[in-house]
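Heads up: the structure comes next, in structure tokens.
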Amino acid sequence: MKGKEKKSNSVQNVLLHKIIELGGGRNPLYHPNFDAVNGDIICDLREGIPLPDRSVLKIFSQDFFEHLTIDEAVKLLAECMRVLIPQGGIEFIVPDIELMVSTICKWNEHADNLIFGAQHDAFDIHKMWYSKELMRYILGKEGWTVISIKSYKKDDNWLLEPKFTVEAKS
């Protein structure tokens with residue numbers, strides 16, 4: 001067929017977003033923010049991430065995964081793997097149950113929120129707790145390469161709300 005170019009049947013994966021945030025609520029650090037109540041894109045992430053395959057370089061999430069059951073979290077990790085480009089990464093910040101139990105010996109206004117969530121609506125309830133070891137296990141089992149897991153020290157009062165950050169590659 002002279003003069004006509006052969007078209008490829010393969011779908012080109014286009015990087016749509018350098019970084020997205022999951023469950024960022026009213027004060028996300030990154031945009032677009034995918035959230036059930038206050039996102040740039042309103043969606044129930046338990047049903048998946050409304051993006052094409054291999055279209056994101058990095059996924060960030062802070063104080064979100066504890067609002068999912070373990071099964072919902074594993075399903076969402078598979079969705080993260082789907083939308084990330086090969087060797088794309090995740091960075092999640094979650095409450096650290098092990099550190100919280102060892103440092104908070106009596107109730108304070110932060111402990112109640114960390115344990116149960118603020119409970120302002122149906123999405124603001126904590127359903128799962130993570131330790132660094134559990135997170136490493138889940139990510140490894142789901143095919144992620146863990147880069148680092150370390151305590152998250154936002155400010156001098158970090159022990160009132162102990163958290164850790166995990167970075168992994170697809």
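Pairs please, first residue from the range 20-41 and more than 17 Å from ILE93 (Cα to Cα), second anywhere and of a type in the set (Lys, Arg), Cβ atoms under 9 Å, 6+ apart in sequence or on different chains.
Pairs found: ALA36/ARG46; VAL37/ARG26; ASN38/ARG26.
Could you check the range 124-144 and list, in sequence order, the residues that are among the hydroxyl-bearing types (Ser, Thr, Tyr) and open to solvent by less than 80 Å² (accessible area, probe 1.4 Å)?
TYR130, SER131
Residue by residue, here is whether (1) at pLDDT 70 or above; (2) loosely packed, with under 15 Cβ neighbours inside 10 Å holds:
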| site | (1), (2) |
| --- | --- |
| THR103 | no, yes |
| LYS106 | no, yes |
| ALA111 | no, no |
| ASP156 | yes, yes |
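Do any strands (runs of 3 or more DSSP E) lying entirely in the range 12-78 carry at least 1 residues that are modelled with pLDDT of 95 or more, among the acidic types (Asp, Glu) and crowded, with 16+ Cβ neighbours inside 10 Å, and which ones are they?
Once the strands (runs of 3 or more DSSP E) in the range 12-78 are filtered for at least 1 residues that are modelled with pLDDT of 95 or more, among the acidic types (Asp, Glu) and crowded, with 16+ Cβ neighbours inside 10 Å, what remains is 17-22, 33-35.
Exactly one of these conditions fails for ASP71: (1) touching a Leu at 6+ places or on another chain (Cβ under 9 Å); (2) within 18 Å of TRP144 (Cα to Cα); (3) of a type in the set (D, E, K, R). Give me its number.
Among (1) touching a Leu at 6+ places or on another chain (Cβ under 9 Å); (2) within 18 Å of TRP144 (Cα to Cα); (3) of a type in the set (D, E, K, R), the lone unmet condition for ASP71 is (1).
The values are calculated or read from the model by the stated rules, or taken from the named source; none is laboratory data. Nothing here was measured: the structure is a model prediction, and the numbers come from that model. With ideal geometry, Cβ positions are generated from the backbone for all residues, glycine too; neighbour counts draw on all protein chains shown. Only protein heavy atoms, including side chains, enter the accessible area calculation; ligands, DNA and RNA are left aside. Shrake-Rupley method; radii C 1.70, N 1.55, O 1.52, S 1.80 Å.
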